[in-house]
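K.L.:
Just passing along the structure, written as structure tokens.
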Amino acid sequence: MIKLTIDNIPIEVEEGTTILQAARKIGGKVVPPAMCYYSKLKGSGGKCRTCLVKVAKSSAKDPRPMPKLVASCSTPVQDGMVVENLTSPEVVEARKGVVEFLLLNHPLDCPVCDQAGECDLQDLSYGFGMEQTTTEEERREFNETDIGPFIKLHMNRCILCYRCVYTADQLTGNRLHGVLYRGDAAEIGTFIKNSIENDFSGNMIDVCPVGALTDRTFRFKSRVWFLKPMNAHRECTKCSGKVTAWMFGNEIYRITGRKDQFGEVESFICNECRFEKKDPDAWIIEGPRQISRKSVISVNHYETLKKPSVIRPIEGRMESTD
Amino acid sequence: MAGSVLLTNIEVPGIRDFAVYRAHGGYQAVEKALRSMTPSDVSAEVTRSGLRGRGGAGFPTGLKWSFLDKRSDKPRYLVCNADESEPGTFKDRYLMQHLPHRLIEGLIISAYALGAGTCYIYIRGEFKYLVGILEKAINETHRNGFLGSDILGSGFSLNIFVHPGAGAYICGEETALLESLEGKRGNPRIKPPFPAFRGLYGCPTVVNNVETLAAVGPIISMGGDAYARIGKGRSTGTKLISACGNINKPGVYEIEMGLPVEEFIYGDRYCGGIRNGKYLKAVIPGGSSVPILPADLILSTAKGEPRLMTYESLAEGDFATGSMLGSGGFIVFDEDACIVRNTWNLTRFYRHESCGQCSPCREGTAWMEKILYRIEHGGGTLKDIDLLVRIARNIEGNTICPLGDAAAWPVASAIRHFRQEFEEHVTDPGKCRNQRTN
């Protein structure tokens with residue numbers, strides 16, 4: 001086992017763990033934000049630079065600090081390492097810089113974006129963003145495209161985290177899309193207009209940290225915070241069948257994977273579960289999902305979620321408040 | 001030329017041919033190494049020579065070789081980085097064009113020292129005409145028994161392949177180069193693991209610059225200690241400097257490390273002074289990525305000592321008053337040059353060449369270019385100058401590969417030393433006769 005401290009909190013982890021994974025074991029505020037790293041996708045991470053941390057002491061053997069800030073998602077821990085995340089002004093400054101870069105070409109269309117309310121970039125800007133914009137340059141613009149029958153690609157919003165590329169590589173046999181061009185002209189695309197159709201393509205929507213890839217079957221149907229996320233499952237031959245059903249009354253508006261506190265799905269689900277089973281009778285509804293109190297999704301119906309005994313039926317609660 | 005090591009015999013007609021090169025002492029170093037030295041002897045000799053990476057970083061070559069994973073049972077690769085794309089640097093091209101056998105000789109000895117059975121020369125896409133020259137030289141060497149299996153009966157086998165890139169500056173970064181060589185998109189890899197452990201096709205790999213590898217032959221011929229006696233301090237040997245800009249004699253010069261910068265610029269044997277008798281304004285001493293220095297700081301350090309052509313002397317004073325030797329692309333500006341326009345031009349290059357993988361570089365290089373475009377074209381504000389400094393600081397050190405630093409340093413240094421000129425472009429557009437106001 002390897003001992004290290006992150007923001008003065010000691011933790012013991014196994015060899016080969018990254019700083020980010022170690023921080024996730026501690027949980028709470030010490031966890032650096034990650035826009036591109038996804039623990040279930042091999043090779044992901046290192047690109048967005050939001051998880052930069054300062055290594056004040058490399059290891060017990062070599063007490064020198066690392067010369068630059070390092071990406072915590074791809075730096076393995078060493079015994080005796082001292083990591084500074086929020087306790088280092090340098091890290092906070094660099095992260096603010098990264099958020100500024102990420103927002104530079106990101107449109108301010110949250111009011112019409114399906115991802116709003118569950119967007120990693122929104123959370124990140126809330127935590128580290130500037131109060132006002134510093135740029136007067138025009139943003140880069142692309143046309144919206146449909147990549148396949150179920151997925152909408154909104155390239156304007158993309159932050160090029162490469163997660164969807166890794167997803168297609170690792171879940172499906174034949175990746176049809178990728179990153180084209182380079183620098184600030186880089187874009188996600190299929191090059192020659194192509195339709196992405198395979199049983200697991202929908203997972204690209206779940207891994208997308210922003211609203212660049214959205215569910216065409218849910219587009220503009222509702223804001224996510226008006227819906228109740230419910231754990232549901234069904235017998236599925238292709239995937240685990242364990243999903244989150246986003247419901248309004250007795251209707252299912254959309255199906256997603258079950259996301260944990262770091263925004264990662266517990267298991268990838270198939271397109272049949274995700275896009276084709278919108279009938280509540282197709283599912284066994286287990287009950288409401290735990291949603292962080294801070295999340296905008298819990299604003300409407302979920303304030304009391306931490307004490308399940310006081311959950312009342314929504315209709316009843318509305319009557320009582322009237 | 002005194003101190004000529006790399007470019008010895010370059011003036012001999014037909015030196016590109018194997019027979020002529022051989023008749024002038026060529027491949028004797030290979031014979032010496034393979035017949036009388038063990039691979040570790042060769043490595044030790046290179047370590048003793050104090051040779052440092054000539055691609056820009058100046059990392060000791062012997063040390064880099066020693067990192068190679070010796071426990072791995074996978075094949076090892078030697079990759080020659082001939083993706084010379086730095087604006088202002090054109091020394092490798094010159095070397096490969098006129099003395100291809102110098103490089104091949106170095107490759108054979110280096111591969112022998114490293115135990116590599118395959119060597120790739122990753123050559124810049126624009127150097128298409130060099131591919132033929134190199135392949136002809138490789139074939140000749142093959143035919144004469146210095147390549148292929150069981151070279152000179154030593155049991156050591158080597159094949160060299162030339163692989164042209166597709167014209168991306170980023171593929172000069174060693175891990176992006178390996179990705180490209182594997183047939184993938186040329187994005188730099190996240191380190192660690194370093195190529196010495198997981199390089200080409202996941203095997204231990206050493207990537208060295210053309211000039212570094214070409215220097216290995218002469219080092220073995222003359223001995224590491226003799227090579228280390230050339231030069232000054234930790235900057236041993238000779239260095240190819242490609243001089244360009246407003247000078248009388250632009251070209252590639254082989255200099256002994258430790259030559260005073262003043263002599264290099266004004267000496268008749270080198271640049272021969274500033275063209276048309278003008279004054280020296282500024283110099284970018286090591287290729288476009290390194291900080292620019294104004295005339296007084298390039299000729300002498302902040303302490304008043306004369307500036308020398310060594311890794312240490314050029315870096316004296318760090319970035320506040322110093323620069324770097326880099327890859328030896330020596331760009332000279334005379335009094336008429338517009339620093340703002342030049343800086344904008346450089347940012348345009350880095351914007352175009354950023355791979356777009358990590359956010360600070362992708363967004364930052366484009367942002368700096370847009371702002372400098374505005375300043376140069378008369379639409380800038382004084383705030384923009386501070387914003388540029390802040391953007392450069394936010395990029396520097398926060399990216400996956402050094403391209404971010406390379407894009408940030410020229411901007412930060414130009415503003416540091418020539419702030420007034422930037423301010424004039426904002427407050428008095430058109431005063432600079434180079435400025436395009438429209």
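Computed from the coordinates by the stated procedures, all read-outs in this text should not be read as laboratory data. None of the values given here were measured: they were computed from a predicted structure. Positions of Cβ are backbone-derived with ideal geometry, glycine not excepted, and every protein chain shown enters the neighbour counts.
K.L.:
What average count of beta carbons from other chains do you get within 10 Å of the Cβ of residues in A:130-138?
P.N.:
Values: counts 0, 0, 0, 0, 5, 6, 6, 7, 1.
Per residue, the number of nearby Cβ atoms from other chains is 3 on average.
K.L.:
Let me ask something additional. When the Kirkwood hydrodynamic radius is evaluated over all pairs of different C-alpha atoms of the range B:234-334, what value in angstrom, to one decimal, is obtained?
P.N.:
Computed over the range B:234-334, the radius equals 13.0 Å.
K.L.:
Hey, another quick one. Roughly what would the spin-label model give for residue B:38 and residue A:248, points 7 Å off Cα along C-beta, in nm?
P.N.:
7.8
K.L.:
With chain B treated as a Gaussian network of Cα nodes joined by springs under 10 Å, which of B:236, B:118, B:427 yields the largest mean-square fluctuation?
P.N.:
B:427
K.L.:
Given a Förster distance of 60 angstrom, what is the FRET efficiency for residue A:14 paired with residue B:420, based on the Cβ-Cβ distance and rounded to 0.05?
P.N.:
Once the sixth-power term is evaluated, E becomes 0.60.
K.L.:
Only loop residues by DSSP count here, and only those with at most 13 other Cβ atoms within 10 Å; note down the trypsin sites (Lys or Arg not before Pro) in the range B:178-277 that meet that.
P.N.:
Filter output for the range B:178-277: B:184, B:269.
K.L.:
Rounded to whole Å, give me the distance from the Cα center of the range B:1-66 to that of the range B:86-138.
P.N.:
One Cα centre to the other: 13 Å.
K.L.:
Using Cα centres only, tell me the gap between the range A:226-300 and the range B:179-228 in whole Å.
P.N.:
51
K.L.:
Still on this model: Could you compute Rg(Cα) / (2.2 N^0.38 Å) for the protein assembly as shown, with N its residue count?
P.N.:
1.07
K.L.:
Please give the per residue volume of the convex hull enclosing the alpha carbon atoms of the range B:128-190, rounded to a whole number of Å³.
P.N.:
Hull volume over Cα atoms, normalised by residue count, gives 99 Å³.
K.L.:
Separate question: Let's see if you can work this out: charge +1 on each Lys and Arg Cβ, -1 on each Asp and Glu Cβ, no other charges. What is the dipole magnitude of chain B about its Cα centre, in debye to the nearest 20?
P.N.:
520
K.L.:
To continue, here is another question. Within the range B:112-156, whose backbone N sits under 16 Å from a point 7 Å along Cα→Cβ of residue B:166?
P.N.:
Label zone hits: B:123-127.
K.L.:
Using Cα positions and a limit of under 27 Å, work out the lysines in reach of residue A:278, with same-chain residues fewer than 8 apart set aside.
P.N.:
Correct list for residue A:278: A:40, A:152, A:221, A:228, A:238, A:242, A:259.
K.L.:
Moving to a separate point now. Using DSSP to call loops (not H, G, I, E or B), can you name the GluC sites (Glu not before Pro) in the range B:114-201 whose Cβ has at most 13 other Cβ atoms within 10 angstrom?
P.N.:
Working: sites: B:126, B:135, B:140, B:173, B:174, B:179, B:182; in loops: B:173, B:182.
Within the range B:114-201, the qualifying GluC sites (Glu not before Pro) (loop, at most 13 other Cβ atoms within 10 Å) are B:182.
K.L.:
Could I ask something else about it? How would you rank A:136-143, A:53-60, B:381-388, highest first, on the average number of other Cβ atoms within 10 Å across their residues?
P.N.:
Per-residue mean Cβ counts within 10 Å order the peptides as A:53-60, B:381-388, A:136-143.
K.L.:
Here's something else I'd like to know. Please pull out the direction-averaged projected area of the range B:334-438, using the convex hull of its alpha-carbon atoms, in nm² to one decimal place.
P.N.:
Values: hull surface 24.3 nm².
Convex hull of Cα atoms, orientation-averaged projection: 6.1 nm².
K.L.:
May I pose another question? Based on DSSP, what percent of beta bridges with both residues in the protein assembly as shown are antiparallel, to the nearest 5?
P.N.:
The answer is about 70 percent antiparallel.
K.L.:
Using the reciprocal of the averaged 1/r over all distinct C-alpha pairs, how large is the Kirkwood radius of the range A:139-260 in Å?
P.N.:
Radius from the Kirkwood sum: 15.5 Å.
K.L.:
Let me confirm one metric for peptide B:387-394, namely the mean number of other chain beta-carbon atoms within 10 Å of its residues' beta-carbons.
P.N.:
Per residue, the number of nearby Cβ atoms from other chains is 3 on average.
K.L.:
Compute the orientation-averaged projected area for the range B:115-234 from the convex hull of its Cα atoms and round it to one decimal in nm².
P.N.:
Computing the convex hull of the Cα atoms and averaging its projections yields 9.5 nm².
K.L.:
Let me know the Kirkwood hydrodynamic radius for chain A, please, with Cα pairs as the basis and the value in Å to one decimal.
P.N.:
Final number for the Kirkwood radius of chain A is 21.2 Å.
K.L.:
How large is the charge dipole for chain A, taken about the Cα centre, if only the Cβ atoms of Lys, Arg (+1) and Asp, Glu (-1) carry charge, to the nearest 20 debye?
P.N.:
Using Cβ point charges on Lys, Arg, Asp and Glu, chain A gives about 580 debye.
K.L.:
What's the average, rounded to a whole number, of partner chain beta-carbon atoms within 10 Å of each residue's beta-carbon in A:43-53? Walk me through the intermediate numbers first.
P.N.:
Values: counts 2, 0, 1, 7, 9, 4, 10, 1, 0, 3, 0.
That average works out to 3.
K.L.:
Same structure again: Between the range A:141-184 and the range B:319-370, what is the separation of their alpha carbon centroids in Å?
P.N.:
30
K.L.:
Subtracting the Cα-Cα distance from 0.36 nm times the residue separation, let me have the gained length for residue B:336 to residue B:263 in nm, one decimal.
P.N.:
Numbers: separation 73, 0.36 × 73 = 26.28 nm, distance 2.20 nm.
Stretched fully, the residue B:336-residue B:263 segment lengthens by 24.1 nm.
K.L.:
Please report, in whole Å, how far the alpha carbons of chain B spread along each principal axis, starting with the longest.
P.N.:
That gives 73, 46, 38 Å along the principal axes, largest extent first.
K.L.:
The range A:198-245: which chymotrypsin sites (Phe, Trp or Tyr not before Pro) are DSSP loop and have at most 14 other beta-carbon atoms within 10 angstrom?
P.N.:
Numbers: sites: A:200, A:218, A:220, A:225, A:226; in loops: A:200, A:218, A:220.
Loop-located and lightly packed - A:220.
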